[in-house]
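Enquirer: A single structure is presented below for examination.
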Amino acid sequence: MSSPLSVAELGLSQVRTWPSRVRELWRRSLRFRTVSITVGLTLVAVLASGVYMSISVRNDLFSSRLSQVLDDSGRTMSSVQRLFESADINDRVAITTVMNTVRNQLAATSSSQLIAGYRAPGQEYNPYAPQGFRSSELAGGVLTPDLRNVVQDGIGEQWWQSVTLKGASGEVPGVIVGQLVDVPGAGQYEFYIAFDLSDSERTLQFLQQTMLIVGFALLLLVGAVAWVVVRLVVEPITIAAETSQRLADGDLGVRIRETGADELATLARSFNGMADSLQQRIRELADLSLVQQRFVSDVSHELRTPLTTIRLADDVIYDQRHSFAPATTRTAELLHTQVERFELLLDDLLEISRYDAGSVQLELEPTNLATLAQDCIDGMEALAAERGTDIRLVAPGGHNQVEMDPRRIRRIVRNLIGNAIEHGEGGPIVVTVDSNADAVALTVRDYGLGMSEADAEHVFDRFWRADPSRRRTIGGTGLGLAISTEDASLHGGEIDVWSRPAAGSNFRLTLPRTPGGAVMSYPLDRVPDDADGSGPPIRQGDDA
Ligand code: ADP
């Protein structure tokens with residue numbers, strides 16, 4: 001039993017499978033790929049234009065606010081200068097009063113409470129000169145020595161610096177503007193006004209938020225549009241792909257619906273035209289094949305009667321062959337062999353045309369495959385002995401009765417053993433029978449001529465022979481294995497082969513336990529254990 005995954009493990013396994021899932025989707029779905037690419041490119045475009053717009057708006061906002069601030073402070077400084085020049089400054093009290101007025105004027109005209117005024121350093125001590133002033137917000141290094149140095153350098157010039165001010169809601173951006181002013185009777189004074197730029201900052205933030213929302217909405221819109229467009233194009237292609245698959249699976253009547261007059265309708269029309277001509281061609285071929293089958297069947301039937309007469313005449317001649325001259329005797333024997341071959345060939349042809357016509361019925365009965373194999377071996381013992389061949393049955397399984405058509409299975413086994421004797425070069429033949437829960441199987445292993453891999457691929461073809469010049473003693477027609485294959489597949493079974501030149505062959509028949517079922521597993525291997533060339537088995541008591 002598998003143990004339950006912890007939340008962390010579950011999360012980890014999902015993370016691991018995510019990239020592979022996305023990769024798989026990317027590989028398989030044109031729709032996903034197109035929508036992803038479109039959304040990705042739009043995202044890049046939106047980001048690039050957003051960043052560009054944000055930077056240029058910020059610069060623009062800052063420069064317009066700065067010029068406004070400089071105007072503002074310039075005006076204030078001029079009015080301060082005028083105030084000093086018009087005031088009647090002759091004692092300490094008067095000058096302090098003017099200074100207070102200046103202080104109020106600075107605050108009022110500049111619309112900023114962040115102000116400071118210092119007596120410029122390096123001047124003679126003047127007992128009338130009033131003290132400087134500074135609003136508390138400008139304490140703590142907001143006013144830098146750098147700014148003060150440049151301001152002290154020239155009368156009438158405005159200097160500014162970007163600073164961070166401490167506002168009610170934390171730190172805010174600001175600008176501090178300074179100017180040196182001459183106070184008659186008191187010396188030179190530096191005046192500073194700081195301006196809070198948080199309103200520009202808020203405008204910028206609002207703009208950025210708006211751009212973010214618009215960009216996101218644009219992404220969604222573009223994604224949706226891409227999805228709809230791809231769907232419009234891909235759906236007909238998907239239908240065409242599915243329809244071709246059904247056509248390839250043999251459903252020749254299937255067609256694509258033709259609507260409209262666009263490119264997709266042209267695709268559908270061409271596809272349907274192709275399917276029409278394919279169906280027509282296959283029908284013609286099927287008709288032709290039917291005519292051929294009928295021809296073979298008719299010819300075979302027609303030949304039956306004359307062949308029976310020839311066979312009777314041949315029997316008479318063959319029985320009297322010893323009374324003929326030696327040359328005529330040989331001719332009579334030759335005639336007899338060929339008539340026998342002719343009869344065999346005709347039987348096989350009739351059988352195969354029955355398969356082609358689909359008029360073959362299985363006559364099933366419970367059969368013990370091991371016993372059936374033993375019967376076949378017994379029946380062919382004499383022929384094997386003639387060739388000096390020893391046939392052995394090894395049957396670890398296959399003794400339980402299985403439903404099969406014994407006449408057809410016997411024909412297969414006889415054909416396989418006959419071929420093994422024919423091509424076995426007098427070596428031993430091992431017939432093995434075994435079974436498992438799904439199937440019963442029989443192999444016929446010989447140690448004779450064998451075949452190349454290319455030849456073995458054709459061994460079940462009709463009229464195919466590995467080497468037509470091979471000497472034949474049993475008189476095969478070249479249809480034996482073709483008929484065996486038909487017999488086996490009628491049972492839902494199959495025949496296959498392993499063969500190597502000079503190492504012999506191993507033919508395997510596998511039948512499902514239920515006729516018509518499918519072979520799911522193989523009780524016997526196609527490649528024999530001694531395929532490496534360890535040679536034929538030696539029976540106990542045989543000379544080593
Ligand atoms: P045939 O009537 O010629 O035996 P088959 O269909 O039974 O027809 O076999 C087709 C050909 O396959 C044979 O002519 C032979 O060349 C090759 N063949 C079949 N069995 C064997 C085998 N055991 N070893 C080598 N070749 C074989």
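The values are calculated or read from the model by the stated rules, or taken from the named source; none is laboratory data. For clarity, every value in this text was computed on a predicted model and none was experimentally measured. Positions of Cβ are generated from backbone atoms using ideal geometry, with glycine treated the same way; all protein chains shown enter the neighbour counts. Surface accessibility is based on the protein's heavy atoms, side chains included, excluding ligands, DNA and RNA. Shrake-Rupley method; radii C 1.70, N 1.55, O 1.52, S 1.80 Å.
Enquirer: Packing-wise, with mean Cβ within 10 Å as the measure, how do 363-373, 409-419 rank, highest first? Spell out each step's value before the answer.
Expert: On the way: 363-373: 17.4, 409-419: 22.3.
In descending order of packing, they fall as 409-419, 363-373.
Enquirer: Okay, moving on. For the range 480-500, list residues with backbone N below 16 Å from a point placed 7 Å from the Cα of HIS458 toward its Cβ?
Expert: Of the residues in the range 480-500, 480-482 have backbone N under 16 Å from the label point off HIS458.
Enquirer: What FRET efficiency would be calculated for the residue pair GLN401, VAL527, taking the C-beta separation as r and a Förster radius of 30 Å, to the nearest 0.05? Mind dumping the intermediate values first?
Expert: Working: r = 29 Å, r/R0 = 0.96.
Once rounded, the FRET efficiency stands at 0.55.
Enquirer: Hey, what's the per residue convex hull volume over the C-alpha atoms of the range 235-379, in cubic angstrom?
Expert: Here the figure is 218 Å³ per residue.
Enquirer: Given 0.36 nm per residue, what is the gain on full extension from TRP18 to ALA240 after removing their alpha carbon distance, in nm?
Expert: Contour length minus Cα-Cα distance gives 76.8 nm.
Enquirer: Check every DSSP H run in the chain and write down those whose alpha carbon atoms cover 30 angstrom or more along the long axis and whose mean Kyte-Doolittle hydropathy is -0.5 or greater.
Expert: Numbers: long enough: 7-28 (31 Å, -0.60); 30-86 (83 Å, 0.41); 198-248 (72 Å, 0.97); 263-319 (80 Å, -0.15); 326-356 (45 Å, -0.31).
Those that pass (Cα extent of 30 Å or more, hydropathy at least -0.5) are 30-86, 198-248, 263-319, 326-356.
Enquirer: I'd like the accessible area for GLU403: 1.4 Å probe, protein heavy atoms, all chains in place, Å² to the nearest 10.
Expert: Surface accessible to solvent at GLU403 totals approximately 80 Å².
Enquirer: What FRET efficiency comes out for GLN113 versus SER78 if R0 is 22 angstrom and r is the Cβ-Cβ distance? Round to the nearest 0.05.
Expert: On the way: r = 20 Å, r/R0 = 0.92.
The pair GLN113/SER78 has a calculated efficiency of 0.60.
Enquirer: While we're looking at this one, here's another question. State, as an integer percentage, the relative contact order of the range 101-185 based on alpha-carbon contacts under 8 Å between residues 6 or more apart. Each step should come with its number before you reach the end.
Expert: Details: 91 pairs, mean separation 18.8, N = 85.
Reported as a whole number, the value is 22 percent.
Enquirer: Another one. Going toward the positive end of the dipole of the chain, with +1 on Lys and Arg Cβ and -1 on Asp and Glu Cβ, which of PHE191, GLN401, TRP26 do you reach last?
Expert: So the residue we want is PHE191.
Enquirer: So what is the relative contact order for the chain, in percent, with contacts set as C-alpha pairs under 8 Å and at least six apart? It would help to have the intermediate numbers written out before the result.
Expert: Values: 714 pairs, mean separation 46.2, N = 544.
About 8 percent, as a whole number.
Enquirer: In the chain, what percentage of the DSSP-assigned beta bridges are antiparallel, given to the nearest 5? Mind showing how you got there, number by number?
Expert: Numbers: 53 of 58 bridges.
Among the beta bridges of the chain, antiparallel pairing accounts for roughly 90 percent.
Enquirer: How long is the chain along each principal axis, judged by its Cα atoms, biggest number first, in Å?
Expert: 175, 67, 44
Enquirer: Taking all protein chains in place and a 1.4 Å probe, what share, in percent, of the accessible surface of the chain do carbon and sulfur account for? Present the calculation step by step, with values, prior to reporting the outcome.
Expert: Numbers: 17980 of 31720 Å².
After summing per-atom areas, the C and S share lands at 57 percent.
Enquirer: If you don't mind, another one. Gain in length, GLN123 to ARG311, computed as 0.36 nm per residue apart minus the alpha-carbon separation, to one decimal in nm? Intermediate values should be presented prior to the final figure.
Expert: On the way: separation 188, 0.36 × 188 = 67.68 nm, distance 15.03 nm.
Result: 52.7 nm gained on full extension.
Enquirer: LEU25 to ARG92: extension gain in nm, 0.36 nm per residue of separation minus the Cα-Cα distance?
Expert: 15.5 nm
Enquirer: For ARG500, list long-range residues whose amide hydrogen, built 1.01 Å from N in the peptide plane, is under 5 Å from its own amide hydrogen.
Expert: Sorted by chain and number, the residues that satisfy this are MET451.
Enquirer: Oh, and also: So how strong a dipole does the chain carry about its Cα centre when Lys and Arg Cβ are +1 and Asp and Glu Cβ are -1, to the nearest 20 debye? Show your work: numbers first, answer last.
Expert: Numbers: 50 positive and 70 negative charges, 323 e Å.
That gives a dipole near 1560 debye.
Enquirer: Right, next: Can you tell me the FRET efficiency between TYR52 and ASP153 if r is taken as the Cβ-Cβ distance and R0 is 30 Å, rounded to the nearest 0.05? Walk me through the intermediate numbers first.
Expert: Values: r = 38 Å, r/R0 = 1.28.
My answer for the efficiency is 0.20.
Enquirer: Counting only heavy atoms of protein chains, what accessible area per residue, in Å², does the chain have with a probe of 1.4 Å?
Expert: Details: 31720 Å² over 544 residues.
Accessible area per residue, the chain: 58 Å².
Enquirer: If ligands, DNA and RNA are left out, what is the accessible area of ASP60 with a 1.4 Å probe, given in Å² to the nearest 10?
Expert: 100
Enquirer: Grab the alpha carbons of the range 53-211, take their convex hull, and tell me the volume per residue in Å³. Numbers along the way, then the final one.
Expert: On the way: hull volume 17.4 nm³, N = 159.
Residue-normalised Cα hull volume stands at 110 Å³.
Enquirer: Show the residues, 5+ positions off or on another chain, whose built amide H is closer than 5 Å to the amide H of LEU165.
Expert: VAL172, GLY174
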